[in-house]
Amino acid sequence: MAKQKKAKAAAGGLLEQLRVPVGPVDLTTYDPGATTGFAGTKDEGKAALETLGAEVSDWQERLFAEGRKGGQRSVLLVLQGMDTSGKGGVIRHGAGLMDPQGLKITSFKAPTPAEKRRGFLWRIRQATPGPGMIGIFDRSHYEDVLIARVRNLVAPNVWDKRYDQINDFEAELAESGVTVLKCYLHISPEEQKIRLEERLDNPTKHWKYNPGDVDERQLWPDYMDAYHAAIERCNGPQAPWFVIPSDRKWYRNWAVTTLLLETLKSLDPQWPTADFDVAGEKKRLAAT
């Protein structure tokens with residue numbers, strides 16, 4: 001119990017600890033096996049995540065209630081990372097602690113021909129969270145400066161312009177009341193290989209294995225260059241990046257959930273006041 005209390009105390013200000021400083025980005029300087037802000041063990045980390053449940057659920061409900069009564073604020077959690085970095089795991093273990101009615105989860109796959117004709121941000125705009133909601137993107141608009149760049153899906157002058165378009169888009173979101181929380185799930189190539197091997201060794205995980213993951217893995221240096229550019233060029237005050245060490249699944253889940261909780265608390269949504277006569281309604285109800 002003492003270790004858990006120590007770990008909780010160390011967790012204060014995780015938004016500051018994991019935020020990427022403005023300027024040049026070198027992901028090789030970030031330890032994917034770190035447990036920044038948490039001093040406990042794996043078991044204690046899993047327990048700590050569970051203890052966040054009641055608090056994060058309470059703050060989510062406050063935000064949801066605010067949105068139902070005219071409030072315009074919302075939160076958008078963007079999850080990016082290499083294959084097996086744990087985007088789905090974060091959603092299961094972190095978002096699973098919250099009320100589904102206040103969540104909007106979108107998983108972006110390859111765009112359809114119709115979506116391509118509308119511009120790369122069109123489908124993203126359709127998925128942004130409305131008032132009071134927490135939106136979660138499993139992959140996002142950043143795919144269009146990541147895979148599009150690495151796989152040469154569009155000309156360099158096209159993807160190069162997209163950084164500024166993304167910055168303008170995220171500034172618009174912030175202006176409209178959307179708090180953007182962008183998390184890069186930082187996994188090492190060694191850990192990725194272990195996780196891919198586990199999928200091959202376990203028949204119940206064969207459905208999760210994609211032979212294309214090995215092809216993408218061979219382009220790891222190119223993807224790192226693309227992530228360096230995306231994080232460095234789209235790291236403004238309205239939508240900063242956070243690097244989440246993700247070699248330890250339990251820490252990754254705890255860290256992202258803690259960042260979300262700190263974000264909600266910083267927004268400090270309040271329970272809406274009644275727009276009716278409470279005392280009068282009590283009398284009416286008692287008479288029924």
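Details
- Residues satisfying the stated conditions in the range 51-86, i.e. farther than 29 Å from residue 219 by Cα and among the acidic types (Asp, Glu): 55, 58, 61, 66
- Of all residues in the range 207-221, those being open to solvent by 60 Å² or more (accessible area, probe 1.4 Å) and assigned to a helix (DSSP H, G or I) number 5.
- Residues of the range 111-122 classified as assigned to a helix (DSSP H, G or I) and crowded, with 19+ Cβ neighbours inside 10 Å, total: 0
- Scanning the range 52-69 for residues being without any contact (Cβ under 8 Å) to a residue 24 or more places away in the chain and not hydrophobic (A, V, I, L, M, F, W, C) gives a total of 1.
- Selection within the range 261-288 - assigned to a helix (DSSP H, G or I), farther than 17 Å from residue 177 by Cβ and of a type in the set (A, V, I, L, M): 261, 278, 279, 285, 286
- Pairs, first more than 12 Å from residue 145 (Cα to Cα) in the range 159-174, second at pLDDT 95 or above and open to solvent by 80 Å² or more (accessible area, probe 1.4 Å), C-beta under 8 Å, six or more apart: 167/233; 169/125
- Residue within the range 102-110 that is in contact (Cβ under 8 Å) with a residue 40 or more places away in the chain and either surrounded by fewer than 17 Cβ atoms within 10 Å (Cβ to Cβ) or basic (Lys, Arg) (or both) present: no
- Residues of the range 69-95 satisfying the condition of being in a helix (DSSP H, G or I) and open to solvent by 60 Å² or more (accessible area, probe 1.4 Å): 92, 93
- Condition met for residue 150 (touching a Phe, Trp or Tyr at 6+ places or on another chain (Cβ under 7 Å), touching a residue at least 24 places away in the same chain (Cβ under 8 Å), β-branched (Val, Ile, Thr) and under 26 Å from residue 20 (Cα atoms)): yes
- If you go through the range 4-32 and pick out every residue that is surrounded by 14 or more Cβ atoms within 10 Å (Cβ to Cβ) and either at pLDDT 95 or above or touching a Pro at 6+ places or on another chain (Cβ under 9 Å) (or both), you end up with 10.
- Selection over the range 222-251 of residues that are in contact with a Pro (Cβ under 9 Å, 6 or more places away or on another chain), more than 23 Å from residue 190 (Cβ to Cβ) and open to solvent by 60 Å² or more (accessible area, probe 1.4 Å) gives a count of 1.
The values are calculated or read from the model by the stated rules, or taken from the named source; none is laboratory data. If you're wondering where the values come from, they're calculated on a predicted model, not measured in any experiment. Quick reminder, even Gly has a Cβ in these numbers, built from the backbone with ideal geometry, and neighbours come from all protein chains shown. Note: accessible area is taken over every heavy atom of the protein model, side chains too, but ligands, DNA and RNA are not part of it. Shrake-Rupley method; radii C 1.70, N 1.55, O 1.52, S 1.80 Å.
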